[in-house]
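Q: First, the structure itself, so that you have it in front of you.
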């Protein structure tokens, strides 16, 4: 299943897989979204799979938001690997 991105009440909902196949489109799409909005919230409840490239895509979009002085948040109980990876990377 490809990655679907929809917007509902100001939150962007992800459905499907965020992996090597979809991460480039994810980055390009949210790079544009970050230019349009001051605060971007992404809900990952619908993400069924995320791999290393997907995590790197989220990190890339986070860095883009920081460079542009914008807020970027990831919420939801989707793939738990996201939170484990971010918690480990912020320990050091």
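Q: Given points 7 Å out from each Cα along the Cα-Cβ axis, report the residue 52 to residue 20 separation in nanometres with one decimal.
A: Output for this residue pair reads 0.9 nm.
Q: If packing is taken as the average count of other Cβ atoms within 10 Å, what order do 4-12, 47-55, 26-34, 65-73 fall into, highest mean first?
A: Working: 4-12: 11.4, 47-55: 18.3, 26-34: 16.7, 65-73: 13.4.
Most protected by this proxy first, the peptides run 47-55, 26-34, 65-73, 4-12.
Q: Just to be sure I follow: if Rg is taken over the C-alpha atoms of the stretch 4-89 and Rh is the Kirkwood radius over the same atoms, what is Rg/Rh?
A: Details: Rg = 11.7 Å, Rh = 12.7 Å.
Here Rg/Rh amounts to 0.92.
All of the numbers you see were taken from the coordinates with simple rules; none came from a lab. Note that the coordinates shown come from a computational prediction; the quantities given were computed from them, not determined experimentally. Positions of Cβ are backbone-derived with ideal geometry, glycine not excepted, and every protein chain shown enters the neighbour counts.
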